[in-house]
Amino acid sequence: MSIDEVMRVANDFGFSPLLRHVIEQHVAEAVKAEREAIASIGDERAKALLSVIGLAVVPSVVIQRDRAEQWRLYAAAIRARAEKEKS
């Protein structure tokens with residue numbers, strides 16, 4: 001259900017525009033927290049990949065570094081998109 005659908009129902013019951021603002025703020029905060037949690041997973045995954053590079057069981061250091069960099073870029077892209085949507 002979109003915010004517009006929620007607000008149509010809310011308007012039918014006489015809720016004020018303040019309710020829309022409160023709902024939008026709550027949703028924005030939840031989205032921000034979720035994005036940061038996902039970006040943090042990317043950071044943690046990159047660290048985990050880099051931490052095993054020194055172990056003898058790693059078949060290819062180059063592949064592991066590449067995967068770690070991909071995870072770092074993934075996390076950075078999520079954060080960059082969040083910054084872009086703020087403006």
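When A48, A30, A10 are checked against the criterion of being farther than 30 Å from Q64 by Cβ and within 22 Å of the chain's Cα centre (by Cα), a single residue qualifies: A30. Looking only at residues in segment 9-25 that are modelled with pLDDT under 75 and among the charged types (D, E, K, R), the one that is most open to solvent (accessible area, probe 1.4 Å) is D12. Could you please let me know if V62 is modelled with pLDDT under 85, part of a helix (DSSP H, G or I), open to solvent by 80 Å² or more (accessible area, probe 1.4 Å) and not charged (D, E, K, R)? Taking the combined requirement at face value, the residue satisfies it. Residues in segment 68-87 that are modelled with pLDDT under 85 and open to solvent by 80 Å² or more (accessible area, probe 1.4 Å) were compared, and the one that is nearest to I38 (Cα to Cα) is E83.
The values are calculated or read from the model by the stated rules, or taken from the named source; none is laboratory data. From a predicted model like this one, the values you see are computed outputs, not experimental measurements. Glycine gets a Cβ as well: all are built from the backbone with ideal geometry, and neighbour counts include every protein chain shown. Please note that ligands, DNA and RNA were not included when accessible areas were found on the heavy atoms of the full protein model with its side chains. Shrake-Rupley method; radii C 1.70, N 1.55, O 1.52, S 1.80 Å.
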